[in-house]
Structure formats: structure tokens, C-alpha cells
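Engineer: Starting off with a structure, shown below.
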Amino acid sequence: MKEQLEKLQQDALAQINAAEELKELQDIRVAYLGKKGSITGVLKGMGKLSPEERPVIGEVANKVRNTITDAIEEKSQKLEEIALNKQLEAEAIDVTLPGRKVQAGGPHLLTSIVEEIEDLFIGMGYEVKEGPEVETDYFNFEALNLPKDHPARDMQDSFYITNELLLRTHTSPVQARTMKEYKGEKPFKMICPGKVYRRDSDDATHSHQFTQIEGLFIDKKVRMSDLKGTLNAFAKKMFGEDRNIRMRPSFFPFTEPSVEMDISCKVCNGEGCSVCKHTGWIEILGGGMVHPKVLEMGGYDPKVYSGFAFGMGPERIAMLKYGVSDIRSFYTNDIRFLKQYHQA
Ligand code: DAH
């Protein structure tokens, strides 16, 4: 029996030694020391022993049990330690690795240009207004001195939704809306940036949807020279102090007189080149003195009040400022294009 126990001890120790996981040790404990374990099994036969042999074998059995228990204990501590080390190793942070680069986005070029223009005019006392993109025929045309049969309506091919509703073809209706809001009593300066829509075929310089910024200043004694001074300040801040402006007579139904404004070409300094089509000048916006009829329809007495208005396309401004050659670049969201204009 003694040999039997010693053999069991030997086997158990060998198994413990070979064990690689805590779970295995648990199984070994059950197999040898559990209620139905091999040692327990041997001890059950003790009844058959002589009274002299019993304490001797009992002692051996206890020793074997303790040895196995201790060995399991020792080995499980070892395995736990190994497991912990493994975990620590796996979770270790290599502080010498270079950090991961954060891919930060930035404002879209069009957004930046619109905000830049807004800031310029806010600095001159203008407030920023908004208006609906789905507009009534009245505000988009009629209130701007374009009655239903007016031929100038053809200048702007429109997307009609119903007979009376359309996608606004320009931001000018916000002029009429703002005059109405101030009830013909209050002088004001406002700009309105926003999307506009035209039935155009898209190409490098045309888009069925684009952006405009409208400007309107109404007060007593507003003069053409005020418009010129304002736009001159704008052009120099936007394109550089060395730029000059010139105004040419033009026609818009909502202004009288109407002008188109050019800036001197940056590429050739006014000498004439392919960018300015050899004129030395580049057209950037339209404007003029608010037509008395438009003032009147807006509720302002044209004998008391006068005003100037202007409208520009921020895409065009950005194209001239940064040499962008295709207006579609603003809408296709090619990250390689947009990234070039992110300020750090
Ligand atoms: N609404 C005009 C257009 O889309 C631009 C414009 C011209 C706006 C003259 C104005 C203005 O306010 O005075 O072509």
C-alpha cells in the first residue's frame, strides 16, 4: 500500500510538473485528492490493514496528500505569475513608437471664402441675413421690378416648382424680404450669402447650383460714391491693396443706374494676359443704386430713402483669388483639392 501511495505521489508530481494551465491543476487535484480520487480510493482500503500497519500507512498517506497539495499550490502560483507576466507584456505600451497622426478636417474652401467676405462686411457694420431657397415668384422677381412678362426674366433660367414657387435664381429676393422686415422705417446694411439655382448645363464656369452673396444698404442720402467706396475697400481687402477697381455701366432691373465692377488683373498687373482676356480687368460683381420702384415695393419712400445693392459669386471670387479653373471643384469634394486650402 505504501508503494501504491508513493507511486501515486510520483505520478501526481509528474503531472503537476507538466501542467501548463491552472485548469489542469484543478483536474489533478480532483483526480488524486477528491472524494472519488485515487488517494482517497487507496485510503478506503485501510480498514483491511493490521492495527500496527494503520498509523504507518496513515502517516505516509498524509505526507503524500500534503506533498501533492503543496506541489499544486506552488505550481499554481507559478502559473499565475506566468499568466500575469504574459498579460503585462501584451499590454505594455511602447513609449518610443511615434504617435498616430490625427486626421483633422477643415472648413471647405467655399465656406472659408463666404466667411471671409462676411467678416469683411460685418467689419463695415453689415448684418448677415438669410432667406429661403424655395422662393415665391413675387420675391424672386416681382418685388425686384421684374413683372411676369418682363424680358429680363429670361436672363435667369429658373427651376419652377409651381406657377408661384421656384428655386431662387439669385439672393436678391432677400433684399425685398429685409426691406419688408424693417417696414420702410429703419436704415440698414445687410449681406445675405446662400445657395441659388439656375437651369444651366454644368461646365467649367457654370453650375445649376452655386452660391451668391447679396448686399444692400438703405439709408437717407446713400450715393453711388458710397457703393464705390465700399466695393473698393472690399476688393482691396480681398485681393490685395495693389488691386484697382473700375465700374462699367450695365443693366439690372432692380438697380438704376446699374454697374458691373472689375478688378485689375493680378496675373499681368493690368497689362493684359490670357486670364483677363487681354483687357487687364476681371469682372467680379454687379451692383447699382436700388431702383425707386424696388424701394417703394419694399415699403421705403424713394423720396426720403436711397440705397445701393450688389451681388457677387463667392465661387468666382475664390477661383480668381486661388487660381481654381473649374467651378465643379467646389462641389465634387475631392479631398486632394480641398486639402490644399485648409489653414493649419
Ligand atoms: N442678382 C444678380 C444676378 O444674379 C446680381 C446682382 C446684380 C445683385 C446687381 C444685385 C445688384 O443686388 O444690384 O445676376
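Engineer: Find, to one decimal place in angstroms, the Kirkwood hydrodynamic radius of the stretch 252-344, where the mean of 1/r is taken over every pair of different Cα atoms and then inverted.
Structural biologist: Numbers: mean 1/r = 0.0628 Å⁻¹.
Computed over the stretch 252-344, the radius equals 15.9 Å.
Engineer: Another question, then. Show which aspartates and glutamates lie in cross-link reach of Lys129 when reach means a straight Cα distance below 16 angstrom and same-chain residues fewer than eight apart are skipped.
Structural biologist: Filter leaves Glu115, Glu116, Glu118, Asp119, Glu181, Glu214.
Engineer: Sticking with this structure for a sec: Classify the stretch 109-339 from the C-alpha gyration tensor, please: rounded if a/c falls under 1.5, else prolate or oblate depending on whether a/b exceeds b/c. The partial results should precede the final answer.
Structural biologist: Details: a/c = 1.68, a/b = 1.25, b/c = 1.34.
Here the stretch 109-339 falls in the oblate category.
Engineer: Right, another one. Placing +1 at every Lys and Arg Cβ and -1 at every Asp and Glu Cβ, with all other atoms neutral, what dipole size does the stretch 223-287 have around its Cα centre, in debye to the nearest 20? Intermediate values should be presented prior to the final figure.
Structural biologist: Numbers: 9 positive and 8 negative charges, 18 e Å.
Magnitude of the dipole: close to 80 debye.
Engineer: Okay, next question. How large is ³J(HN,Hα), in whole Hz, for each residue of the stretch 158-168 in order, when computed from phi with the Karplus curve 6.51 cos²θ - 1.76 cosθ + 1.60 and θ = phi - 60°, using x for Gly and Pro?
Structural biologist: Listing the rounded values in order: 10, 9, 8, 9, 10, 4, 10, 10, 8, 6, 4 Hz.
Engineer: Report, to the nearest 10°, how far helix 53-90 tilts away from the longest principal axis of the Cα atoms in the chain, using its own Cα long axis and a range of 0 to 90°.
Structural biologist: Compared with the principal axis, the helix lies near 20 degrees.
Engineer: Next question, about the same structure. Place the peptides 171-179, 69-77, 101-109 in order of packing, highest mean first, counting for every residue the other Cβ atoms within 10 Å and averaging per peptide.
Structural biologist: Details: 171-179: 25.3, 69-77: 15.4, 101-109: 10.9.
Final packing ranking: 171-179, 69-77, 101-109.
Engineer: Just how large is the dipole of the chain about the Cα centre, in debye to the nearest 20, putting +1 at every Lys and Arg Cβ and -1 at every Asp and Glu Cβ?
Structural biologist: Working: 46 positive and 52 negative charges, 74 e Å.
For the chain, the charge dipole is close to 360 debye.
Engineer: Mind checking which of Met124, His150, Tyr300 is farthest towards the positive end of the chain's charge dipole, using Cβ charges of +1 (Lys, Arg) and -1 (Asp, Glu) about the Cα centre?
Structural biologist: Selected residue: Tyr300.
Engineer: Could I ask something else about it? As I understand it, the dipole of the stretch 1-151 uses +1 on the Cβ of Lys and Arg and -1 on the Cβ of Asp and Glu, about the Cα centre. Which of Leu79, Leu5, Gly106 lies farthest toward its positive end?
Structural biologist: Farthest towards the positive end: Leu5.
Engineer: Then there is this: Which entries in Lys183/Lys220; Lys221/Lys293; Lys7/Lys44; Lys237/Lys293 show an alpha-carbon gap greater than 21 Å? Each step should come with its number before you reach the end.
Structural biologist: Values: Lys183/Lys220 15 Å; Lys221/Lys293 17 Å; Lys7/Lys44 17 Å; Lys237/Lys293 33 Å.
Exceeds cut-off: Lys237/Lys293.
Engineer: Sum -39500 (n - 2.57) across every DSSP H segment of at least 4 residues in the chain, then divide by the residue count to get the 222 nm mean residue ellipticity, nearest 500.
Structural biologist: Values: 11 runs with 137 residues, N = 344.
Using -39500 (n - 2.57) per qualifying helix, the result is -12500 deg cm²/dmol.
Engineer: I'd like the orientation of helix 22-33 relative to the chain: the angle between its Cα long axis and the longest Cα principal axis, in ° from 0 to 90, rounded to 10.
Structural biologist: Relative to the chain, helix 22-33 is tipped by roughly 20 degrees.
Engineer: Hey, what angle do you get for helix 109-122 against the long axis of the chain, alpha-carbon based, 0 to 90 degrees rounded to 10?
Structural biologist: That works out to roughly 50 degrees.
Engineer: With respect to the cross-link table entries Lys189/Lys321; Lys35/Lys78; Lys186/Lys321; Lys36/Lys75; Lys148/Lys236; Lys2/Lys75, which display a Cα-Cα separation exceeding 31 Å? Show your work: numbers first, answer last.
Structural biologist: Numbers: Lys189/Lys321 26 Å; Lys35/Lys78 26 Å; Lys186/Lys321 36 Å; Lys36/Lys75 23 Å; Lys148/Lys236 39 Å; Lys2/Lys75 25 Å.
Result: Lys186/Lys321; Lys148/Lys236 exceed 31 Å.
Engineer: So, one more: Restricting to the chain, compute how many DSSP beta bridges are antiparallel as a %, nearest 5. Provide the component values of the computation, followed by the final result.
Structural biologist: On the way: 41 of 43 bridges.
The answer is about 95 percent antiparallel.
Each reported figure results from applying straightforward, stated rules to the coordinates on display, with no laboratory input. None of the values given here were measured: they were computed from a predicted structure. FYI the Cβ positions are ideal-geometry reconstructions off the backbone, even for glycines, and counts take in every protein chain you see.
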